[in-house]
Every structure is written in C-alpha cells, then in structure tokens.
Amino acid sequence: MMIDSRLQTLYDDKTEADPEQRELLDRFAAALGPTGLDDLLDGTCTLIYVFMKWLRMACEAEDKDVMEYVVVPLVATMRKMPKTFPPEVVPIMAGLLVAAGTGLSPNLWRAQYGRWSDAEMNPLEATTVLLAEHVNRVTDDRDFATRLIVEALSGADQA
C-alpha cells in the first residue's frame, strides 16, 4: 500500500505525496507499535527480495547480469538523491540489493548488522519504490509491480 502510494505520486508528477495520504500512512505506521514496525521492515525487505528475484529472472532470460542492469543504475540514482539517500546509507541499500539479487534473504543479510536505524527508514522505503518503479519500467506497465505483489500474496493465501 505504501509503495503503491509512492509510485502513484511519481507517476502523477507530484513533488511530494498528498498530505492527506501521508497523514494516513503516518497514522498507520504509528498504530503498528514496536512489533508491527518490525513486521513492516520485514515486509519491505520481502518486497525488495520479490522485485529483485523477478528482475534477476528477467535479466537471465535476456542473458544479462542483474547487477549490471539493475543494481548499478539504482545505486547511481541513489547517489543523485543525497536528501533521500545520505552517502552513509548508500552502501547499506546497495548491499541489500546485491543480497536480494544473488538470492539471499535481505532480512537475514541485514540481521548481521543489527537493528535498522532511524536514518535508514526513508532510504529503505525509497529503495523499494525505486525498485518497484524499475520493474514497472522494464515491463512498460505502471501497475505491474503492485500486481506482482498482489498475485504473490493471493498465491500465499491459497497455499
């Protein structure tokens, strides 16, 4: 829900999210509490994993390297956005993408470095949005990333 909201903001050429939408998302995050926040972080890492798995398979089908065609451009984009991605968090986000791109769980990869810091929250969300937007661009379909997740969740419910 949060990622789709951010994508729609990008596609509607807005410089920032609708204040009402932002307030709803802030309330949602606040209502989660400490364990809910951990679940939200785990879910975000899972989204990164699913998007990277899909991108890795798409790259392999074209005989391309996911690191070259996905990770490098995303990291370059991060470096161009210093307000969202301070230089000290770019290596963490790059590591997260590499872990997911090589089939490793981003949650387990991150666990070795301790808890997420407050400074990493916006970059983590932005990384997920950039990745979802990349998936949408590859497919030339603005809603593909959202449908990918909805279908994955629907499949999990049926299992």
Seminar exercise, completed: Reduced to Cα centres, the span from segment 29-102 to segment 112-159 in Å works out to 8
For this session: Would you work out which of Thr139, Ile48, Trp116 lies farthest towards the positive end of the dipole of segment 32-159? Charges go on Cβ: Lys and Arg +1, Asp and Glu -1.
Result: Trp116
Seminar exercise, completed: The size of the Cβ-based charge dipole (Lys, Arg +1; Asp, Glu -1) of segment 36-159 about the Cα centre, to the nearest 20 debye, is 320
Problem set entry | Computed lengthening from Thr35 to Asp65, 0.36 nm per intervening residue step minus Cα-Cα distance | 7.1 nm
Exercise. Looking at segment 97-159, which chymotrypsin sites (Phe, Trp or Tyr not before Pro) are DSSP coil and have at most 12 other C-beta atoms within 10 Å of their C-beta?
Worked result: Tyr113
Seminar exercise, completed: Using alpha-carbon positions, the gyration tensor of segment 17-139 gives root eigenvalues a ≥ b ≥ c; with a/c under 1.5 called rounded, otherwise prolate if a/b exceeds b/c, else oblate, the class is prolate
For this session: Show the residues, 5+ positions off or on another chain, whose built amide H is closer than 5 Å to the amide H of Thr102.
Result: none
For this session: Loop only per DSSP, at most 11 neighbouring Cβ atoms within 10 Å: give me the GluC sites (Glu not before Pro) in segment 54-92, ordered by residue number.
Result: Glu62, Glu88
For this session: Within segment 103-148, report the GluC sites (Glu not before Pro) that DSSP leaves as loop and that have at most 15 other Cβ atoms within 10 Å.
Result: none
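Read-outs: derived from the displayed coordinates by stated rules, not from any lab. A quick note: this is a predicted structure, and the numbers were derived from the prediction, not measured. With ideal geometry, Cβ positions are generated from the backbone for all residues, glycine too; neighbour counts draw on all protein chains shown.
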